[in-house]
Amino acid sequence: MPFGRWSIRRRALLGLAVGLALGGGAQATPYLVVDADSDQVLMQNEATAPWYPASLTKLMTVYVALDAVRNGKLTLETPLVMSARAARMPPSKMRFRPGTQVTLDNALKMLMVKSPNDVAVMVAEGVSGSVEAFADDMNADAQRLGMRESHFVNPNGLHNPAHVSSARDMAIVARALLHEFPDHADLFDIGAIQLGNRYIPNHNGLLGRYPGADGMKTGFTCPAGFNVVASANHGRRLIVVVLGAPSARARNQEAADLFDRGFATGGGEGSLESLPAGSGPAPNMRAEVCLHRNAAAVATAEDDGIPDQAQAAAGSAGRGGLLPTPLAALLAPVAAHTELPDGRIHFDPVRVYIGPAPGWKGPALGARQTTEATAASGGAKVIPADGASASATAAEGDASEPVRPSSRSRLKHSRHAQKTMPAHKSVKSAAEKVQKKAAAAD
C-alpha cells in the first residue's frame, strides 16, 4: 500500500489560494465522517441535503430483512422465491428465472457484492409480501432510527424522484447495522462471491486497497452520481459517506482521503442526530456525471477496472481538488495520504448457491397476493409462499419503470413532495438511452 507525506499546512495554503483566485465558486457535494462508536461527526459537508441514494438503499433493505429475522418472521435459511416481477428488474441482476429459490443468507451476500436489483425485490417480497409493503417497512424503520431526510419506495435504489435519503441518514443505517447486528458484520466486507463457476467481485474499491477497510456499500445511477458508504477500523471504526462523485475512482479516493483525515482527528462536531434537518429537492447529477460518457461507459460505470480519462480529469479538477473542502477539515492533522492503487484485486470468494439449504423442510417465501399488490401490478399473478412458479401478464409494465409507492406510502410521502422534485430536466443523451435499458444501479 503506497503512502505519501503531505503537509497539511501546504494543503491549507493552497486551498485558500485557489479559493481566493476563483472566488469560492466551487461547491462540494455531500460527505460525512462519523465515529461509529461515539456517534461523533468528525467532519461533514451538506450531510443532511436530500440526495438520491441509488444502491446505498440496499443497506436499508438488509436492515429490514435482518430485523425481520430478529423478530422471528423468517430465518436466514428460509428460501425466497424469484417472482416474475423481480426477474424483470433491470441490471445489475443475477438473472435468475421466476420460481428460482435462494436462501435469505445467500440473497443478502449477493446483494452486498453484486448488488442485483432482482434479488433486492425477491428479498422484499419474501420478507413483507410485496415491494410496496416492504417500502412501508423501510420507512417505518427509518423513522424509528431517526432518518429524517429519507423516503423509500423500492428496495434496490433504482431511480425514482420520490426515493431520497441523505449522507447523515445513510450513516445512521450503517451504524445501526454494525451495532444491532454485529454477528452479521461480515456481510459487508466480502471481497467476492462464487456461484458455480462465476466469480463475482465486490464493487467497493476500498476493500483490499485502503488499510483497515471492511465495508460497506456502493451506489450509482446517473441522477445520483457515484455514492459510497464505507467503514474502516484503525483501533476505532469510522464510517465515511460520499455522495455524487463524478466517477468510481474519484469516489473511492475521496473516501480514502476522508478516512485519512478522520483517523487523525480527535474532536467532533456533535452527534449525527444533532445535525440540522435538510430541505429542498435532491439534485439530478445526470448532466455532470453521464452527459459526456458514451453508452458503454455508462453500462460499465461501476467497473473500477475500466479506464475513464474524461471522468478522471473531471474528478481531479472538481471534487479531487482542495477548494470544496471546509477549512476545518483542511486544518486537521493528517499523518499520511493514502493513494489507492489501480488494478484488480483477487479475493478468496465466499461460495453461494441457489436452491433451499440442505435438509430444509419449511416453506419458501415469495410475493403474497394482496389487494394492494394486485392493483400495483395491474392484475399480474404473484408467486405464492409455497414457491410455485407463476406467470405474469404484460400488464406488469416495463421493468425499467420505477416501482410505484403504495397508497399508504404516498400518504406518508406527501410532506416530502416539494423537496423531492427533480432539480432540472433530464439531459437527453446516449447515456440516458442506456440507462433506460440497463438502469445501471450497482
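Charging the Cβ of each Asp and Glu at -1 and of each Lys and Arg at +1, and nothing else, the dipole of the stretch 149-221 about its Cα centre rounds to 260 debye.
Here is the P(r) of the stretch 83-172: all C-alpha pair distances, binned every 10 Å from 0, give 17, 47, 30, 5 in whole percents.
Dipole magnitude of the stretch 193-294 about its Cα centre, charges +1 at Lys/Arg Cβ and -1 at Asp/Glu Cβ only, in debye to the nearest 20? Walk me through the intermediate numbers first.
Numbers: 10 positive and 7 negative charges, 81 e Å.
Here the size comes out at about 380 debye.
Near the amide H of ARG237, within less than 5 Å, lie the amide hydrogens of ALA36, ASP37, all on another chain or at least 5 residues away, with H placed in the peptide plane.
Can you figure out the FRET efficiency of GLN194 with SER38, using R₀ = 51 Å and their beta-carbon distance, to the nearest 0.05? If you can, show how the numbers build up before the last one.
Numbers: r = 38 Å, r/R0 = 0.74.
That gives a FRET efficiency of 0.85.
Computed over the Cα atoms of the stretch 20-106, the ratio of the radius of gyration to the Kirkwood radius (Rg/Rh) comes to 1.16.
Zone of ASP183 (label point 7 Å along Cα→Cβ, backbone N under 15 Å): which residues in the stretch 40-68? The answer is 66-68. Shape analysis of the stretch 158-246 yields a ratio of the Cα radius of gyration to the Kirkwood radius, Rg/Rh, of 0.98.
So what is Rg over Rh here for the stretch 182-309, counting just Cα atoms and using Kirkwood for Rh?
Values: Rg = 16.2 Å, Rh = 16.3 Å.
Looking at the stretch 182-309, the ratio lands at 1.00.
Among residues other than GLY267 whose Cβ falls under 13 Å from its Cβ, what is the net charge (Lys/Arg +1, Asp/Glu -1)?
Values: positive: ARG261; negative: ASP35, GLU269.
Every neighbour counted, the sum reads -1.
Projecting the Cα atoms of GLY235, PRO211, ALA256 onto the dipole axis of the stretch 209-277, where Lys and Arg carry +1 and Asp and Glu carry -1 at the beta carbon, places PRO211 farthest toward the positive end.
Charging the Cβ of each Asp and Glu at -1 and of each Lys and Arg at +1, and nothing else, the dipole of the stretch 106-247 about its Cα centre rounds to 540 debye.
Computed from the coordinates by the stated procedures, all read-outs in this text should not be read as laboratory data. Since the structure is predicted, the reported quantities are computational estimates derived from the model, not experimental observations. Every residue, glycine among them, receives a Cβ derived from its backbone with ideal geometry; neighbour counts consider all protein chains shown.
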